[in-house]
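J.: One structure is given below, represented as structure tokens, and several questions about it will come after.
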Amino acid sequence: MMNIVERKNNGLGDAFSAGSRSATAPSRRPVAFESFGEYMAVKEQKLRVQQQDDAMASVGVLQVARGPLWGVCVWVDGRTDPPRDALRTLVTQAGGRFETYLHRELVTHVVGTHFARGRAMELRRAVQTRRGGATRPLYVVKPAWILDSIRAGRPLPEWQYGVDEISRDSRQTVLPVSRPGCVPSEEDADAMSRLDLPPSVPCGPETPIESNTSLTEEESAASESSEHWQSDKMECTDFGVSTSAPTMAYALRGLLSSRENPHFVRDFFAQSRLHFIGSFRETYETILRRLQSDRQPSSLDRMPQTLPRRDRFVLHVDMDAFFVSVSLAKRPHLRGKPVAVCHSGTGEHSRAEISSASYEARARGVRANMFFGEARRLCPELVMVPYDFSAYKAACEVLYRIFFAEADLVEGVSIDEAYLLLQHCSEVERAEEIASRIRQRILQEIEGCTASIGIGRNKLFARLATKYGKEKLGKGSQFVLIDRAHPDGFGSPMGAALRSFLDEVPIRAIPGVGWSTEARLRDAMKATSGSSQDNEVLLVASVREHFNLEGLEKLLGSANGNRLYRFLDGMDSRPVQPIGPRKSVSAQIGWGIRFLSTEEDKVRSFMIDLSLVAR
DNA sequence: ATCCTCCCCTAC
DNA sequence: TAAGGTAGGGGAGGAT
Ligand SMILES: [Mg+2]
Ligand SMILES: [Mg+2]
């Protein structure tokens, strides 16, 4: 993966860094890609088989099966000598396995020479726990262990090859490099002058951001830093290349490959839905600037308001199947049909990921993040509609114009979603009227689009109301979650109606509870009470029943635990808050990265292109 | 104590 | 064929 980050410092100018990193197991963090973990697992398995096949093809089946590293499973961290590619060949031909990701259950030997502090601590912990436990031990060794073991024809004792640096301070290496149009800090200018890098490409006088640019080789590269780079030009040559890229089994060609398409960065971002979604803050800043210059009297520039109060309501507005709806405005003949937005949906085996599915498609089981081919098997009439990012952006601007005109305070969440605060609004009927008007305006002013709105006394209930409304009532829904027995009531204790609603909410629907938190809650509950309803949906009620405040704080950390604890009781003190300017900007690509270790110039120009995207 | 770094997690 | 990004909050634990 290649990445660039620029963040605000303590007023001393901006730090800017870029680099490449090898991946840690993405299966641990499927978060947004429920189906993606499975996809990766299949891909990794194919890769293991292929690596073994390759090894057997080149040195023979017997040689591999009787190899000295049979039963050994290696994972390489950071830059090594010999490089990762060479180690892979050596290991697989000696009967060992070579993992792309640090799967803790599989890997027996971590190979490296220098480790970043964080990684070092992590490994130290892993070594400790595995030493005492019933599982196989985990070794952290230098690359020489592999070479010597192969030479000796058997795995040598690991202790002679321990990595001393694992316990010493070793920060991630930062390689200073110039970002076009930016003034490097003195320190970095000095560092750069010692490097053999091309001069900055001059760039317009506008946006004279004070920033320094640097390339990091993450995952603990050589800790000698710039001296190392200065003295060893060959090292510099394979900068940014020791990534997950060469481990991918297949070669991408033509425009899909970073090494064959000189406009790869531009082309990739022009097509990436995640880039588009992720660029919301940038889009939003642009929209805000435009609205401000229009001088519309509106809720711009208001201060955040503490919640709750009896005369305040929170609306949560979320567009229904946003991408599909916008795309269908130009294709009215497809309305009412099962439609999905994705790239090139041809064939039953398409691996294009669906970004948005129409409600008709959802009724047939089609979901976002599904491969198009899979969806096609569920619903053969499914129609593919291409992305139209600029149309989404235009719709977004209209949407926010409506928000700012109708609400007292706006907190943008995403391209199609926001929290609105209604102040001086005592009756829920009034809040419902405003919500209806907003939905009506969206219907009229954004062609083909409907929105769902949730109404509550705080963000938590507003959000849950939208979710529930969409699920039970479908698109264009409006749903209220307040305590009707105490119409101006809020806080604790929560009314009985709200409480029993909350009881039945899946814990995963609570803000901040994702894939990992749910698993931790599950595990903790299983460990103490042995209650093992494994495939049951975990509900708020059972989590509330099982944990006290201390328990949650211990499990999730003090801030997260405390917040969840309050959410379980319907309490949410997060204010509706206008979002300010970003504290950092970044750009990264983890798709289609292929470089040869001889292509330093290509890598360099790739990184420069990438740095220009982060703005 | 507080800061800093390197993560992990979450949301869209 | 197919486009696995972006930003923020927060925790662990060593450095100061
Ligand atoms: Mg939506
Ligand atoms: Mg949304």
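The values are calculated or read from the model by the stated rules, or taken from the named source; none is laboratory data. What you see is a predicted model; the values in this text were computed from it and never measured. When we count neighbours, we look across all protein chains shown, and the Cβ atoms used for this are built from the backbone with ideal geometry, even at glycine.
J.: So, restricting to helices (runs of 4 or more DSSP H) that lie completely within the range A:80-192, which ones have at least 3 residues that are farther than 21 Å from A:R48 by Cβ and modelled with pLDDT under 85?
T.: Once the helices (runs of 4 or more DSSP H) in the range A:80-192 are filtered for at least 3 residues that are farther than 21 Å from A:R48 by Cβ and modelled with pLDDT under 85, what remains is A:117-132.
J.: Between A:G476, A:G412, A:G456, which is more than 28 Å from A:P581 (Cβ to Cβ) and in contact with a helix residue (DSSP H, G or I) (Cβ under 6 Å, 6 or more places away or on another chain)?
T.: Residue meeting the stated conditions: A:G456.
J.: Are any residues in the range A:369-394 surrounded by fewer than 20 Cβ atoms within 10 Å (Cβ to Cβ), free of Cβ contacts under 8 Å to residues at least 40 places away in the same chain and either under 21 Å from the mean Cα position of the chain (by Cα) or closer than 24 Å to A:G278 by Cα (or both), and if so, which ones?
T.: A:S390, A:A394
J.: Sticking with this structure for a sec: In contact with an Asp or Glu (Cβ under 6 Å, 6 or more places away or on another chain) and over 22 Å from A:L421 (Cβ atoms): is that true of A:G592 in this structure?
T.: no
J.: Output the qualifying pairs, or none if there are none: Cβ atoms under 6 angstrom, residues six or more apart or on different chains, first residue in the range A:499-528 and closer than 18 Å to A:K554 by Cα and outside the structural domain of A:V540 (by the TED database), second residue surrounded by fewer than 18 Cβ atoms within 10 Å (Cβ to Cβ) and at pLDDT 95 or above.
T.: Short answer, once both residue conditions are applied: none.
J.: Which ones in the range A:386-425 are more than 16 Å from ligand 2 (Cβ to nearest atom), touching a Lys or Arg at 6+ places or on another chain (Cβ under 9 Å) and among the small types (G, A, S)?
T.: A:A391, A:A405
J.: Based on what the data block shows, is A:S573 farther than 24 Å from A:R273 by Cα, within 13 Å of DNA strand C (Cβ to nearest atom) and small (G, A, S)?
T.: Against the criterion (farther than 24 Å from A:R273 by Cα, within 13 Å of DNA strand C (Cβ to nearest atom) and small (G, A, S)), A:S573 qualifies.
J.: Given the conditions (1) under 23 Å from A:I507 (Cα atoms); (2) out of contact with any Phe, Trp or Tyr (no Cβ under 8 Å at 6 or more places or on another chain); (3) in contact (Cβ under 8 Å) with a residue 24 or more places away in the chain, report the number of the one that A:S558 does not fulfil.
T.: (3)
J.: Can you run down the residue pairs with Cβ atoms below 7 Å, 6 or more apart or on separate chains, where the first is in the range A:275-288 and under 12 Å from A:V613 (Cβ atoms) and the partner is hydrophobic (A, V, I, L, M, F, W, C)?
T.: Partner pairs satisfying both residue conditions: A:H275/A:F269.
J.: Still on this structure: Output the residues belonging to the range A:353-368 that are under 19 Å from the mean Cα position of the chain (by Cα) and away from ligand 2 (no atom under 16 Å from the Cβ).
T.: Answer for the range A:353-368, where residues must be under 19 Å from the mean Cα position of the chain (by Cα) and away from ligand 2 (no atom under 16 Å from the Cβ): just A:E353.
J.: Can you confirm whether the range A:310-329 contains a residue that is among the acidic types (D, E) and either within 14 Å of DNA strand C (Cβ to nearest atom) or assigned to a loop (DSSP other than H, G, I, E, B) (or both)?
T.: Yes.
J.: To continue, here is another question. Within the range A:335-421, which strands (runs of 3 or more DSSP E) (wholly inside it) include 3 or more residues that are more than 30 Å from A:D311 (Cα to Cα) and within 16 Å of ligand 1 (Cβ to nearest atom)?
T.: Strands (runs of 3 or more DSSP E) meeting the threshold: A:339-341.
J.: Being over 27 Å from A:K330 (Cα atoms) and crowded, with 19+ Cβ neighbours inside 10 Å is the filter; apply it to the range A:409-425 and report the residue that is farthest from DNA strand B (Cβ to nearest atom).
T.: In this case the residue turns out to be A:L422.
J.: Could you grab me the full set of residues in the range A:394-449 that are among the aromatic types (F, W, Y) and within 16 Å of DNA strand C (Cβ to nearest atom)?
T.: Within the range A:394-449, A:Y419 is the sole residue that qualifies.
J.: How many residues does the range A:539-565 contain that are among the charged types (D, E, K, R) and either more than 12 Å from DNA strand C (Cβ to nearest atom) or on the phi > 0 side of the Ramachandran plot (or both)?
T.: 3
J.: I've got another one for you. Is it the case that A:A462 is within 16 Å of ligand 1 (Cβ to nearest atom) and in contact with a Lys or Arg (Cβ under 6 Å, 6 or more places away or on another chain)?
T.: Here the answer is no, as A:A462 does not meet what is asked.
J.: Looking at A:S452, A:S436, can you tell me which residue is away from DNA strand B (no atom under 15 Å from the Cβ) and not basic (K, R)?
T.: Only one candidate qualifies: A:S436.
J.: Only one residue in A:L328, A:L334 is of a type outside the set (K, R), touching a helix residue (DSSP H, G or I) at 6+ places or on another chain (Cβ under 6 Å), over 25 Å from A:S279 (Cα atoms) and touching a residue at least 12 places away in the same chain (Cβ under 8 Å), so which one is that?
T.: A:L334
J.: Sticking with this structure for a sec: Against the condition of a type in the set (A, V, I, L, M), away from DNA strand C (no atom under 16 Å from the Cβ), modelled with pLDDT of 95 or more and surrounded by 18 or more Cβ atoms within 10 Å (Cβ to Cβ), how does A:A465 come out, does it pass?
T.: Yes, satisfied.
J.: Quick check on my filter: what residues within the range A:444-484 are without any contact (Cβ under 8 Å) to a residue 24 or more places away in the chain and among the aliphatic types (A, V, I, L, M)?
T.: A:L473 - this is the single residue of the range A:444-484 that is without any contact (Cβ under 8 Å) to a residue 24 or more places away in the chain and among the aliphatic types (A, V, I, L, M).
J.: Name the residues in the range A:325-334 that are within 11 Å of ligand 1 (Cβ to nearest atom) and surrounded by fewer than 24 Cβ atoms within 10 Å (Cβ to Cβ), would you?
T.: none
J.: Within 16 Å of DNA strand B (Cβ to nearest atom), in the same structural domain as A:I446 (by the TED database) and in contact with a Cys (Cβ under 9 Å, 6 or more places away or on another chain): is that true of A:V326 in this structure?
T.: yes
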